[in-house]
């Protein structure tokens with residue numbers, strides 16, 4: 001069921017997004033894990049378009065917040081106001097009370113406003129004044145940010161970055177794909193006619209099924225070894241937290257399910273490690289000066305950690 005449903009969602013998104021099959025697969029994995037997605041790339045590569053295509057493919061409530069320096073926490077969470085007609089305080093919900101939330105250019109908002117999302121992303125609830133309200137399920141935050149504009153931006157704190165399940169870099173399209181994009185958007189925008197193909201109940205059912213995908217003891221140990229290796233690597237100042245270990249575990253289950261298996265294999269872990277762990281480590285300044293990145297370090301670690309071998 002998961003493989004067929006994921007294929008339908010992928011095909012639907014591909015009506016808008018050209019040549020980014022791996023990126024779409026990563027987004028599907030995040031949906032199946034009820035995790036959040038951080039998209040980072042230069043302007044014009046399709047971050048917002050992809051986020052909208054995902055939201056429209058899911059028959060879920062959708063809201064968008066354009067993050068700006070003057071955005072207030074109450075603009076995200078909502079407020080209590082005094083209704084003069086009823087002579088009572090009433091809650092006016094903010095955009096966070098939706099199932100799919102697009103946080104566009106999240107690094108343009110101040111740290112205080114960014115932190116308004118922390119409780120929602122981790123606890124699936126929001127507190128306004130003294131009232132705590134549960135968020136609708138499923139709940140997915142898709143955040144975008146521009147890595148090259150530093151003026152007027154506020155880097156996300158490590159505590160918030162760690163709450164994103166997956167970090168995705170869209171990348172430029174190939175020559176053929178860019179030509180296809182021009183033809184596809186020549187007369188109309190495919191987003192205008194994109195229809196949902198899966199509902200909230202279906203998503204929740206698949207999320208429960210994903211948790212049943214088998215992960216053998218040797219593979220669990222392998223995932224732990226990869227995470228621990230990030231904490232001991234000479235180029236890393238801060239390694240992956242236990243939350244990152246769990247993220248790698250659950251995303252491997254989701255990838256196995258999407259590919260039609262009810263068990264995880266080492267390749268699932270190796271494929272996902274860069275996108276799941278890249279934003280969870282901090283490399284030291286000397287490593288940066290040598291031109292090495294978090295992606296380089298994660299790939300070195302994955303290659304160095306011994307892969308479990310199936311017993312005959």
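The values are calculated or read from the model by the stated rules, or taken from the named source; none is laboratory data. Everything numeric in this text was worked out from a predicted model, so none of it was measured. Glycine gets a Cβ as well: all are built from the backbone with ideal geometry, and neighbour counts include every protein chain shown.
If you take the residues of the stretch 284-301 that are surrounded by 19 or more Cβ atoms within 10 Å (Cβ to Cβ) and touching a helix residue (DSSP H, G or I) at 6+ places or on another chain (Cβ under 6 Å), which of them is modelled with the lowest pLDDT? Only one residue fits best here, namely 294. Of the strands (runs of 3 or more DSSP E) lying entirely inside the stretch 1-120, those carrying at least 1 residues that are farther than 27 Å from residue 159 by Cα and in contact with a strand residue (DSSP E or B) (Cβ under 7 Å, 6 or more places away or on another chain) are 78-83, 88-93. What do you reckon, is residue 204 under 18 Å from the mean Cα position of the chain (by Cα), surrounded by fewer than 17 Cβ atoms within 10 Å (Cβ to Cβ) and at negative phi? For residue 204, the condition - under 18 Å from the mean Cα position of the chain (by Cα), surrounded by fewer than 17 Cβ atoms within 10 Å (Cβ to Cβ) and at negative phi - is met. If residue 70 satisfies all but one of (1) closer than 20 Å to residue 107 by Cβ; (2) touching a residue at least 24 places away in the same chain (Cβ under 8 Å); (3) surrounded by fewer than 16 Cβ atoms within 10 Å (Cβ to Cβ); (4) over 19 Å from the mean Cα position of the chain (by Cα), what's the number of the condition it fails? All conditions pass for residue 70, except number (2). Residue count for the stretch 98-133 satisfying the condition of being surrounded by 14 or more Cβ atoms within 10 Å (Cβ to Cβ) and closer than 28 Å to residue 44 by Cα: 19. Of the set (1) under 19 Å from residue 20 (Cβ atoms); (2) in contact with a helix residue (DSSP H, G or I) (Cβ under 9 Å, 6 or more places away or on another chain); (3) not in a loop (DSSP other than H, G, I, E, B), all apply to residue 170 but (3). Filtering the stretch 121-151 to residues that are under 18 Å from the mean Cα position of the chain (by Cα) and not in a strand (DSSP E or B) leaves 121, 122, 123, 124, 135, 136, 137, 138, 139, 146, 147.
When restricted to residues that are under 19 Å from the mean Cα position of the chain (by Cα) and assigned to a helix (DSSP H, G or I), the stretch 239-294 contains 31. Looking at the stretch 221-243, can you tell me whether even one residue there is crowded, with 18+ Cβ neighbours inside 10 Å, outside the structural domain of residue 161 (by TED's automatic domain parsing) and farther than 24 Å from residue 160 by Cβ? Yes, some residue in the stretch 221-243 is crowded, with 18+ Cβ neighbours inside 10 Å, outside the structural domain of residue 161 (by TED's automatic domain parsing) and farther than 24 Å from residue 160 by Cβ. Candidates 258, 278: the one that is surrounded by fewer than 23 Cβ atoms within 10 Å (Cβ to Cβ) and either touching a strand residue (DSSP E or B) at 6+ places or on another chain (Cβ under 9 Å) or closer than 20 Å to residue 160 by Cβ (or both) is 278.
For the stretch 261-275, the set of residues classified as crowded, with 23+ Cβ neighbours inside 10 Å and under 14 Å from residue 220 (Cβ atoms) consists of 264, 268, 269, listed by residue number.
Among the residues of the stretch 227-236, are any in contact with a strand residue (DSSP E or B) (Cβ under 7 Å, 6 or more places away or on another chain) and farther than 24 Å from residue 36 by Cα? For the stretch 227-236, residues in contact with a strand residue (DSSP E or B) (Cβ under 7 Å, 6 or more places away or on another chain) and farther than 24 Å from residue 36 by Cα: present.
Criterion applied to 7, 53 was being crowded, with 21+ Cβ neighbours inside 10 Å and either under 22 Å from residue 257 (Cβ atoms) or touching a residue at least 24 places away in the same chain (Cβ under 8 Å) (or both), and the one residue passing it is 53.
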